[in-house]
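Every number here is computed from the coordinates shown, using simple stated rules; none is lab data. Treat the numbers as computed from the prediction; the structure is a model and nothing was measured. All Cβ positions, glycine included, derive from the backbone under ideal geometry; neighbour counts span all protein chains shown.
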Amino acid sequence: NVSLVWFRDDLRVADNPALLAAAADGDVAALYVLDEESAGIRPLGGAAKWWLHHALSDLKLELAQLGIPLLLRRGAGADIVADVATELGAGSLSWNRRYGGPERDVDTAVKEWAGEHEVRAESFHASLLHEPWTVRTGAGNPYQVFTPFWRSLSEQDFRAPLGLPSADHGFRGSLPESESLDAWALLPTKPDWAGGLRETWTATAAAGAEALAEFLEQRVGDYTEARDRPDQPGTSRLSPYLRWGQLSPFQVWAALAERRRDGAAGSAGPAVFASELGWREFCWHQLYHHPDLATVNLRRQFDDFPWRNPELAQTPAGAPGEDSGVEHLRAWQQGRTGIPLVDAGQRELWHTGFMHNRVRMVAASFLIKNLGIDWRVGERWFWDTLVDADAASNPANWQWVAGSGADASPFFRIFNPLTQAKKFDPAGKYVGRWVPELLTPDYLEPVVDLAKSRLDALEGYASIK
Ligand code: FAD
């Protein structure tokens, strides 16, 4: 009997229930489909593609040690899985669940196909601590507010991480053809903008496990204060590993629980860190209940907000009209706004595919509330440039900053990026690293007046209240 395991956002061999189930059944082959064709699936951004390339190379090696080949195919997910399962003569199919609307549609189509062809198909719970449909308020609705959501969940126990399958289930038959990873051209060539990503990241599951161990050993105790400081290595930097499933939330949770037991329990750090994992859950639950989270304001009164750039939000290319904000958008993207913390963040993002959370909030707030540009435009930029960009956390956090989302920061609470820099980067270490020309005459004047643009934003908000 041959089992096919379909990898998606779970590029790991440990704590992988779909892989274990396949290995319990007979010979195992693995498949990854680069799906840019199925309706509604959002094509990956540039930084994400870079990460994916390395994560797949790593997965291929890890699977090879178990004797399991990884097949690569490009096309519409449901068709490809059916083709490969047929070519292999697979009797069973397994995968770990996804939570986006279009992705669920694809998975449903595969299940239907399997049912019609007497192939056993089974899906598993692996990428979130809680399945979104299991979490409800007393009244039976999805939670709108984070604190009660997390209060009700964080007290539960989660399953321990699962082990590796044994190496006895390698694949012995003849294999269908696989495409070559290099031919997918996920890495940039001309120009090669990925130098900073290569310097910053090792996109392997082992590197994720090391980052987790190091964070828990050295930094979780100080996390409560240090997490807001972009000038310090205060956070875990696990987000891309979680995004690609090279680490599972169960693995992170179990390691954290162990650390709590043997030491860091005195400080609030572990609990605060755990609640950040809770925000990750909360974002995915929002996406599950609102598949159009990246395009539709959860608070519909924001549909009438007088953005400067309604057309930019509609079409990626943008058809710039008068005062459409295109120049300001470019300045923001390129880190040339004349606001040091925003420019530092945007340059960090461009160079490394990452931006510190505090700076993400400030940079997003500046785009939305000082430049008057629709959050969806910023969301798309982050989608293209972040190595951790995901279909839930990115739009949910943009909606949070915009004030249009669930349990969002109120619109009228507008960050002052200069005050934020003083508070969270007091010696200017972070800004100095990314904007070295800061204290020279070469540094730019601010593209907008902070006080005036703030008042304009409040006026816009008053018009939709
Ligand atoms: P840590 O502080 O060490 O947190 C641990 C983990 O908790 C993170 O790895 C992440 O998985 C999760 N987490 C922490 N904060 C959040 C949050 N606010 N929302 C959801 N999960 C969280 N995070 C993404 O993973 N992908 C995104 O596309 C993304 N886009 C964002 C866009 C904006 C405008 C903002 C303000 C935030 C965004 N975040 C996103 C959330 C957050 O900035 C990152 O998760 C965090 O900076 C990652 O760094 P870390 O791993 O060191 O975090």
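Annotations for the structure displayed:
- Residues whose amide H comes within less than 5 Å of that of ARG74, counting only those at least five positions distant or on another chain, are LEU34 (H built at 1.01 Å from N in the peptide plane).
- The Cα center of the stretch 38-81 and the Cα center of the stretch 191-215 differ in position by 18 Å.
- Global form of the chain, assessed from the alpha-carbon gyration tensor, a/c cut-off 1.5: prolate
- Straight Cα distances below 23 angstrom link LYS190 to the lysines LYS49, with same-chain residues fewer than 8 positions distant left out.
- Compared with the dominant principal axis of the Cα atoms in the chain, helix 393-402 is inclined by about 20°.
- Gyration tensor (alpha-carbon) shape descriptor, the stretch 300-464, a/c threshold 1.5: rounded
- In angstrom, the C-alpha Rg and Dmax of the stretch 72-173 are 17.8, 53.
- On Cα atoms only, tilt of 205-218 relative to the major axis of the chain in degrees: 50
- Ignoring lysines fewer than eight residues from LYS423 along the same chain, the ones with Cα atoms less than 26 angstrom from its Cα are LYS369, LYS452.
- Dipole in debye (nearest 20) - the chain, about Cα centre, beta carbon charges: Lys, Arg +1; Asp, Glu -1: 1320
- Against the chain, whose longest principal axis is taken from its Cα atoms, helix 450-464 shows a tilt of about 70°.
- The sum of -39500 (n - 2.57) across all DSSP H runs of n ≥ 4, divided by the residue count of the chain, sets its helix-only mean residue ellipticity at 222 nm to -13500 deg cm²/dmol.
- Three-way shape call for the stretch 323-381 based on the alpha-carbon gyration tensor, with the a/c threshold at 1.5: prolate
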